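Trainee: Quick one: this structure, given as structure tokens, is what I'll be asking you about.
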Amino acid sequence: VYDPAALAGTVDVRVHIAAVADAHAPAARDRYLALLTDDERARHARLAREASRDQLLVGRALARHALSRARPVPPEAWRFEAGRHGRPEVSAPAPGPAEARLRFNLSHAAGLVVCAVAEEVDVGVDIEGLDPRRPCQALAARFFAPPEAAAVDALDGDRQRACFFALWTLKEAYLKARGLGLSIALDRFWFQLAPDAPPAIAFAPGFDDDPQAWRFVQRHLGADHVLAVAVRTGGRPARVSVESWGAAA
Ligand SMILES: CC(C)(COP(=O)(O)OP(=O)(O)OC[C@H]1O[C@@H](n2cnc3c(N)ncnc32)[C@H](O)[C@@H]1OP(=O)(O)O)[C@@H](O)C(=O)NCCC(=O)NCCS
């Protein structure tokens, strides 16, 4: 519920980016592997596809690096636990009595991994490559809410693709911030995009959330990737900074 008293203070979100190819340099791979727990290393070794192994390795290493930028905790000390819908959260070290809990969210796209970190609040991130093979119009018609499908339909070529991926990443970032996975129907919430305003969310009647509680930020990374961040600020402004790690720096 919108609460004017909660307006004080800006919510900071740090987004860290790493290149998946970092996992191919033997020195970096060994350094990243040393950051993982025994369980994570065992999972890594069991994965059959190299791409899945790289994602797990770089994702976990990046999350530890990102969290250690926010707290004086060595990267290898962080522990994670997945919630009911699979969303990993920090399980240790636990925050001290005066410290807010750190929250994070990871996303993978061809070639890149991103990790968003915020204090206490729900945060979600999604990155996508602007894949020219994706049938944007058909996917929007099938999965998006009618106002979003109409917005995609009204464009063509590169502008249509840009609009589709902008909406896709925003929807996914919101779902990931909620942490409920695909139990939320994709056509029950939608985004309005305007050239000079931040993205705004709207909900279908009866949908249990408050649009005023959320802030959304979208960024283009080079010509090939787009990224969206969703953060439940409770009405406060959000500030999103992006920094690169490893060979992506
Ligand atoms: C699992 C899901 C949360 C994201 O999956 P995805 O888009 O394939 O992948 P991403 O790379 O963006 O995110 C994966 C990361 O999200 C995190 N994650 C897993 N479950 C999560 C959940 N319930 N909520 C938030 N984050 C979650 C994990 O850290 C995971 O990475 P890891 O396995 O290396 O730890 C889920 O939303 C999903 O399956 N989406 C399907 C895609 C889709 O249909 N999107 C429609 C958008 S319009």
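Trainee: Within 10 Å, Cβ to Cβ, of VAL13, how many net charges do the neighbouring residues add up to if Lys/Arg are +1 and Asp/Glu are -1?
Mentor: +2
Trainee: Grab the other residues whose beta carbon is less than 14 angstrom from that of GLU119, score K and R as +1, D and E as -1, and report the net.
Mentor: Residues near GLU119 contribute +3 overall.
Trainee: Just check the stretch 140-244 against the gyration tensor rule for me: Cα atoms, a ≥ b ≥ c as the square roots of the eigenvalues, rounded for a/c under 1.5, and otherwise prolate or oblate depending on whether a/b exceeds b/c.
Mentor: Oblate is the answer for the stretch 140-244, as a/c is 1.5 or above yet b/c matches or exceeds a/b.
Trainee: May I pose another question? Considering the options ALA94, ALA77, GLN55, tell which one lies farthest towards the positive end of the dipole of the stretch 29-103, charges being +1 on Lys and Arg and -1 on Asp and Glu at the Cβ, about the Cα centre.
Mentor: GLN55
Trainee: Which of the peptides 123-131, 209-217 is most tightly packed, and how do the rest follow, judged by the mean count of other Cβ atoms within 10 Å per residue?
Mentor: Those peptides, ordered most packed to least, come out 123-131, 209-217.
Trainee: Using mean Cβ contacts within 10 Å as the protection proxy, how do 226-232, 55-61 order, highest first?
Mentor: Descending packing order for the listed peptides: 226-232, 55-61.
Trainee: Between beta-carbons, use under 15 Å as the cut-off and find the net charge around ALA238, counting Lys and Arg +1, Asp and Glu -1. Spell out each step's value before the answer.
Mentor: Numbers: positive: ARG14, ARG103, ARG215, ARG219, ARG232, ARG236, ARG239; negative: ASP12, GLU119, GLU120, ASP122.
Charge balance in the 15 Å sphere: +3.
Trainee: I'd like the antiparallel share, as a percent to the nearest 5, of DSSP beta bridges with both residues in the chain.
Mentor: 85
Trainee: Mind checking the dipole of the stretch 80-206: about its Cα centre, +1 per Lys or Arg Cβ, -1 per Asp or Glu Cβ, Debye to the nearest 20?
Mentor: 340
Trainee: Specify the inter-centroid distance of the stretch 27-94 and the stretch 168-209, based on alpha-carbon positions, in whole Å.
Mentor: That distance is 28 Å.
Trainee: If you wrap a convex hull around the Cα atoms of the chain, how much volume per residue is inside, in Å³?
Mentor: 145
Trainee: Right, next: Identify which of ARG29, ARG133, ARG43 has the largest mean-square fluctuation in a Gaussian network model of the chain, with springs joining Cα atoms closer than 10 Å.
Mentor: ARG133
Values in this text are rule-based calculations from the coordinates and carry no lab data. For clarity, every value in this text was computed on a predicted model and none was experimentally measured. For neighbour counting, all protein chains shown are included, and Cβ atoms are generated from backbone atoms with ideal geometry for every residue, glycine included.
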